[in-house]
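Let me begin by presenting the structure, written as structure tokens, before commenting on it.
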Amino acid sequence: MAAADQEPHASAVLPSSYQDESYLHGFLGTVGDLQKAGVLQDIVLEVEGRRFPCHRLVLSAASPYFRAMFTSDMAESRQKTVVLQDLDAIIFGDILSYIYSGTLHVSLDKVQPLYQAADLLQLDYVRDTCRSYMVENVKVEHSTCVDLYKFADVYSQDIVRSRCQQWIVRHFTEVASSDEFCSLSVNQLTEIISHDELDVKEEKTVWEAVVRWVRHSREDRQHHLPTILPHIRFNLLTSDDTAAILEHPLVKEHDGSSEIIRNVLQEGNASLKPRLGMTTEMVLLSNAKPDMLHYMNPREGKYISCSYDRTPDETTVTVTSDNDIYMFEDDVDDIDQLSMFKYNHAENVWEHADMSPVPRFQRERLLRWFYCPELIVEADRNLYYIAYDECESSVWVHMRKYNQHTDQWELCSPLSHDEASHYSTALSCGPHLYFIMKSAIYCYDPIQDCWCQRTAPAYMPALITVVAMGTEIFCADRDLTKIVVYDTESDCWQELHDWPKPTNLHADGPSLFVLDNQLHILLKTHHTGKQGPSTDYLVYVYDRSADAWRDLKATLPNDEYLVYSPCSPVVRMYLPYLKEA
């Protein structure tokens with residue numbers, strides 16, 4: 001037949017692959033049935049005298065440990081019975097149950113030996129599951145937490161160890177009185193008592209815990225005192241307490257201990273901060289007088305005013321997650337850069353920060369540019385200098401990030417929005433920065449160095465104050481017509497009800513702040529016809545469960561307070577450091 005008369009070849013059929021899901025899910029069940037029935041077993045594992053008939057193939061598939069044992073030239077590869085050392089028979093039974101069924105049963109009394117067995121047998125899933133279980137159950141009780149802390153320290157499980165340590169330092173007084181506390185090693189003890197977050201009201205509690213630990217096994221531990229003593233913050237003790245410690249039998253009976261204490265006191269150490277439990281959260285407020293700052297905690301009725309050579313203005317102060325307070329001001333030698341200052345808690349003074357000046361963003365010189373606020377904000381444990389310009393038709397946000405390794409302020413991605421809003425601000429919430437306007441909200445990711453637009457508020461008139469608490473951002477307008485909250489995780493807005501609406505609200509507007517993990521608002525009211533002072537300050541606290549505000553009935557000292565817009569920063573203060581005016 002001629003080629004032209006031949007029928008065209010059928011199109012080529014490509015091969016296909018198919019996956020039998022029922023086989024995949026049923027295979028493990030079949031293997032388990034063979035194990036239960038005792039069929040085709042070709043190896044016996046002996047643990048603590050107990051015999052476990054198994055399948056070499058199954059064990060090798062599940063564990064690199066057994067794979068190496070049965071496929072190498074090791075003697076075990078030729079034996080019919082293999083004795084396993086350093087394993088608990090009951091725990092190994094649970095491990096075999098997991099290997100043959102894929103189901104793992106974990107409990108507090110078994111999690112540590114299960115982890116040890118999984119670590120030996122190289123069962124990653126079992127090991128990871130045990131680690132997650134330990135993290136979830138850190139807060140069960142003091143004894144469990146200390147025990148898990150020691151276990152995680154031995155096995156270098158940093159996440160578990162960190163969670164346990166965090167819980168121990170926050171409950172130090174109770175933990176230090178427990179029997180488990182005395183089982184800590186000297187390294188574990190010094191690591192815990194060195195922690196800034198230790199929740200103790202006085203340093204004497206730390207010394208008493210050390211005494212208890214040493215006396216638990218005095219002959220073996222007293223020689224560790226020279227290692228332990230430098231971690232006690234003697235500068236936070238009263239002179240009477242220090243004198244009593246110098247006369248303590250443990251100190252007097254150990255050569256050199258008294259000298260160590262005196263050297264610590266003489267040398268001092270500015271990096272040794274007061275413990276968390278010794279500090280009080282205080283709202284930081286400015287004053288009409290340029291050299292005054294106010295610290296207040298209306299919940300505890302504490303109000304302290306201090307005078308300084310310099311004070312931050314209304315927008316140039318920030319408090320970091322490490323409780324450091326920074327501010328900036330115009331450089332005396334160069335108006336195109338800003339000098340950074342840091343508050344010295346121990347000396348109660350503002351000092352030049354040990355960082356290079358901030359190169360200032362140049363403002364547009366055209367008349368149409370009229371608004372260029374500047375802020376210092378911390379996000380993801382880094383400082384950011386933020387400057388934004390607004391005109392009639394657009395807004396620009398410029399940022400620099402401080403790199404502490406190079407001591408340089410690095411440019412970040414800018415943000416532009418084609419609609420101006422005279423009421424806008426920036427703040428951090430979690431690891432991100434947020435720029436909020438009346439008509440838009442943007443989120444900055446420090447890792448990706450990029451901005452993304454989020455869901456805009458439905459209506460935000462004259463935004464004046466914002467504050468972050470947890471994963472939420474609370475906002476209020478100048479006239480307090482409403483208070484709204486933005487959930488950064490769900491990207492949605494919600495309006496709070498029953499917000500305080502006093503009469504004669506002052507034009508300065510409200511100020512939101514977070515104190516003791518609760519939302520507060522400071523209000524200023526003006527009474528034109530009143531005898532004496534014409535201004536009153538009110539403080540309300542928000543009850544989230546009841547969605548209601550409660551007047552704290554606080555009586556602030558008669559003075560003129562100015563808030564650090566857009567919110568009043570809160571700082572943990574060691575009150576003895578403050579020199580009351």
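The values are calculated or read from the model by the stated rules, or taken from the named source; none is laboratory data. Fair warning: this is a prediction, and the values are worked out from it, not measured in the lab. Neighbour counts run over all protein chains shown; Cβ positions are idealised from the backbone, glycine included.
A few comments on the model shown:
- The residues in the range 175-186 that are outside any helix (DSSP H, G or I) and surrounded by fewer than 20 Cβ atoms within 10 Å (Cβ to Cβ) can be counted, and the count is 4.
- Selection from the range 330-352 of residues that are in contact with a strand residue (DSSP E or B) (Cβ under 9 Å, 6 or more places away or on another chain), aliphatic (A, V, I, L, M) and within 23 Å of Leu276 (Cβ to Cβ): Val349
- Only one entry in Tyr295, Tyr303, Tyr343, Tyr326 is touching a Pro at 6+ places or on another chain (Cβ under 6 Å) and part of a strand (DSSP E or B), namely Tyr303.
- Among residues of the range 283-296 that are closer than 17 Å to Phe513 by Cα, those with a beta-carbon under 7 Å from a residue that is outside any strand (DSSP E or B) and among the aliphatic types (A, V, I, L, M) at least six positions away or on a different chain give the pairs Leu285/Val563; Tyr295/Leu578; Met296/Leu556.
- Out of Glu347, Glu374, Glu314, sole residue that is surrounded by 15 or more Cβ atoms within 10 Å (Cβ to Cβ), at pLDDT below 90 and within 23 Å of Lys289 (Cα to Cα): Glu374
- Counted residues, the range 148-166 - those being aromatic (Phe, Trp, Tyr) and either buried (at least 21 other Cβ atoms within 10 Å of the Cβ) or in contact with a His (Cβ under 9 Å, 6 or more places away or on another chain) (or both): 1
- Applying the condition of being charged (D, E, K, R) and in a loop (DSSP other than H, G, I, E, B) to the range 394-446 and asking which residue is surrounded by the fewest Cβ atoms within 10 Å (Cβ to Cβ) yields Asp418.
- Taken over the range 34-83, the criterion of being free of Cβ contacts under 8 Å to residues at least 24 places away in the same chain and β-branched (Val, Ile, Thr) is satisfied by Val39, Thr71.
- Selection status of Leu59, of a type in the set (A, V, I, L, M), out of contact with any Ser or Thr (no Cβ under 6 Å at 6 or more places or on another chain), farther than 25 Å from Arg127 by Cβ and assigned to a helix (DSSP H, G or I): no
- Residues (outside any helix (DSSP H, G or I), within 21 Å of Arg212 (Cα to Cα) and either small (Gly, Ala, Ser) or without any contact (Cβ under 8 Å) to a residue 24 or more places away in the chain (or both)) located in the range 138-174: Glu141
- Looking across Leu104, Leu123, one residue alone is closer than 20 Å to Gly32 by Cβ, touching a residue at least 60 places away in the same chain (Cβ under 8 Å), out of contact with any Cys (no Cβ under 8 Å at 6 or more places or on another chain) and hydrophobic (A, V, I, L, M, F, W, C). It is Leu123.
- Flag for Ile447 being over 19 Å from Pro510 (Cα atoms), in the same structural domain as Asp389 (by TED's automatic domain parsing) and β-branched (Val, Ile, Thr): yes
- Among the candidates Ser60, Ser107, Ser72, the residue that is surrounded by fewer than 19 Cβ atoms within 10 Å (Cβ to Cβ) and touching a Phe, Trp or Tyr at 6+ places or on another chain (Cβ under 8 Å) is uniquely Ser60.
- Where Glu364 falls short, out of the listed (1) modelled with pLDDT of 75 or more; (2) surrounded by fewer than 20 Cβ atoms within 10 Å (Cβ to Cβ): (1)
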